[in-house]
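The values are calculated or read from the model by the stated rules, or taken from the named source; none is laboratory data. If you're wondering where the values come from, they're calculated on a predicted model, not measured in any experiment. Don't worry about glycine lacking a Cβ; one is built from the backbone with ideal geometry, like all the others, and counts go over all protein chains shown.
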Amino acid sequence: MRIPQPFQYQGSKRALAATILQYLPPRVHRVVEPFAGSSAFSIACAARGRSKEFWLNDYNKPLAELLGLIINQPENISDFYKATWRGEDEDALEHYYRVREDFNRTGDARLLLYLLARCVKGSVRYNSEGLFNQSPDKRRLGTRPDTMKENILAVSALMRGKTIVTAQDYRDVLANCRDTDVVYMDPPYQGVCGERDSRYLSGIVFDDFVAALDQLNQRSVRYMISYDGRLGDQTYGQPLPDYLGLTLVEIEAGRSSQATLLGRQDVTFESLYLSEALAEEVGARPRTHHRNSSTQMTLLESPSRYGKIFT
Ligand SMILES: C[S@@+](CC[C@H](N)C(=O)[O-])C[C@H]1O[C@@H](n2cnc3c(N)ncnc32)[C@H](O)[C@@H]1O
């Protein structure tokens with residue numbers, strides 16, 4: 001099944017969504033994604049008819065607005081993208097910088113679609129003043145307008161009329177979840193343990209996150225969390241405390257071709273934690289999902305978000 005993707009996004013769970021879906025109970029009323037990004041998991045759920053409703057949230061306001069436009073105004077946003085996109089044009093790089101400047105001045109979510117399609121690795125980066133400062137990918141022009149429109153129309157057809165989109169802090173979303181929801185969380189990555197301040201997950205306070213999970217447990221809200229994992233036997237991310245009663249499932253995310261070149265066998269595993277209520281309902285036990293050994297990440301996709309592993 002081909003699952004449409006509205007835009008590339010660093011850390012997208014598109015490749016892992018099918019495995020994660022195995023842990024979703026069969027009849028779900030609403031899937032909630034407090035850290036939606038490109039919403040890869042919810043789109044995969046919708047494509048397989050696995051949830052009646054969706055709540056997408058991302059603290060990045062223009063990003064949340066863009067998701068809303070894609071779902072509710074697919075023709076308008078596709079036309080806007082077509083008018084903004086540049087082909088093999090001498091001026092294409094200059095054009096990218098002009099769009100970036102306009103976006104930083106106006107915060108217009110429609111411009112973000114072009115920046116995401118065209119920037120390095122779909123990686124959203126802001127400077128200390130909150131201005132988008134990611135560079136253009138010089139080797140790629142960004143998704144062609146016809147393909148973009150096809151993807152946008154497909155996402156809209158799957159999610160329109162059953163999705164709400166908000167731009168709140170994840171804690172406000174979790175406070176409003178019900179015991180009929182299943183929450184899928186993919187918070188920002190922490191990277192190598194001990195390398196950065198372990199109290200934060202890129203802006204999220206670790207203790208606040210754990211307290212929010214504890215609250216969900218007390219309210220019997222079912223949830224799963226994608227979390228930093230391990231490369232070989234080096235683990236990343238501060239461990240979640242045992243008292244939360246989570247079940248750990250590891251998902252092989254690929255072998256870095258850089259490691260292969262160096263003759264190493266290191267394989268990246270991403271962690272998926274299931275809440276006790278969810279694990280019990282779907283009969284999950286701790287396990288590791290392996291993928292076809294020939295599947296490797298490309299050099300470009302090397303897991304830089306896990307920290308400076310190869311340097
Ligand atoms: C790892 S990405 C999610 C990627 C997503 N699973 C996908 O498939 O594209 C984490 C997202 O969390 C958002 N975020 C960061 N801090 C947040 C907060 N306090 N509340 C809600 N969202 C937040 C970021 O803007 C980012 O889009």
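Does at least one position in region 92-99 carry a residue that is within 16 Å of the ligand (Cβ to nearest atom) and either more than 15 Å from Met159 (Cβ to Cβ) or in the same structural domain as Asp172 (by TED's automatic domain parsing) (or both)?
The answer is no, given that none of the residues of region 92-99 is within 16 Å of the ligand (Cβ to nearest atom) and either more than 15 Å from Met159 (Cβ to Cβ) or in the same structural domain as Asp172 (by TED's automatic domain parsing) (or both).
From the list Gly49, Gly37, exactly one residue is small (Gly, Ala, Ser) and in contact (Cβ under 8 Å) with a residue 12 or more places away in the chain. Which is it?
Values: Gly49 fails: in contact (Cβ under 8 Å) with a residue 12 or more places away in the chain.
When all the criteria are applied, what remains is Gly37.
Test Ala92 against the stated conditions and say whether it is closer than 19 Å to Arg144 by Cα and either modelled with pLDDT under 95 or touching a Gly at 6+ places or on another chain (Cβ under 7 Å) (or both).
Working: closer than 19 Å to Arg144 by Cα: yes; either modelled with pLDDT under 95 or touching a Gly at 6+ places or on another chain (Cβ under 7 Å) (or both): yes.
Here the answer is yes, as Ala92 does meet what is asked.
I need the helices (runs of 4 or more DSSP H) fully contained in region 115-232, keeping only those with at least 2 residues that are within 30 Å of Glu252 (Cα to Cα), more than 16 Å from the ligand (Cβ to nearest atom) and at pLDDT 95 or above.
145-159, 206-218
For region 4-21, check the following and say yes or no: at least one residue is buried (at least 22 other Cβ atoms within 10 Å of the Cβ), among the aliphatic types (A, V, I, L, M), within 15 Å of the ligand (Cβ to nearest atom) and touching a residue at least 60 places away in the same chain (Cβ under 8 Å).
Yes, region 4-21 contains at least one residue that is buried (at least 22 other Cβ atoms within 10 Å of the Cβ), among the aliphatic types (A, V, I, L, M), within 15 Å of the ligand (Cβ to nearest atom) and touching a residue at least 60 places away in the same chain (Cβ under 8 Å).
Could you grab me the full set of residues in region 26-53 that are among the β-branched types (Val, Ile, Thr) and over 17 Å from Val221 (Cα atoms)?
We begin by selecting, within region 26-53, every residue among the β-branched types (Val, Ile, Thr); these are 28, 31-32, 43.
Scanning region 26-53 gives a single hit, Ile43.
Can you tell me which residue is nearest to the chain's Cα centre (by Cα) among those in region 233-245 that are surrounded by fewer than 19 Cβ atoms within 10 Å (Cβ to Cβ) and modelled with pLDDT under 85?
Thr235
Determine whether Thr106 is in the same structural domain as Val28 (by TED's automatic domain parsing), exposed (fewer than 15 other Cβ atoms within 10 Å of the Cβ) and more than 19 Å from the chain's Cα centre (by Cα).
Details: in the same structural domain as Val28 (by TED's automatic domain parsing): no; exposed (fewer than 15 other Cβ atoms within 10 Å of the Cβ): yes; more than 19 Å from the chain's Cα centre (by Cα): yes.
So Thr106 fails the test.
Would you mind stating whether Asn76 is surrounded by 22 or more Cβ atoms within 10 Å (Cβ to Cβ) and either more than 25 Å from Arg178 (Cα to Cα) or within 16 Å of the ligand (Cβ to nearest atom) (or both)?
Values: surrounded by 22 or more Cβ atoms within 10 Å (Cβ to Cβ): no; either more than 25 Å from Arg178 (Cα to Cα) or within 16 Å of the ligand (Cβ to nearest atom) (or both): yes.
Considered against the rule, which asks whether it is surrounded by 22 or more Cβ atoms within 10 Å (Cβ to Cβ) and either more than 25 Å from Arg178 (Cα to Cα) or within 16 Å of the ligand (Cβ to nearest atom) (or both), Asn76 comes out as no.
I'd like the full set of residues that are among the small types (Gly, Ala, Ser) and outside any helix (DSSP H, G or I), limited to region 42-76.
Of everything in region 42-76, those that are among the small types (Gly, Ala, Ser) and outside any helix (DSSP H, G or I) turn out to be Gly49, Ser51.
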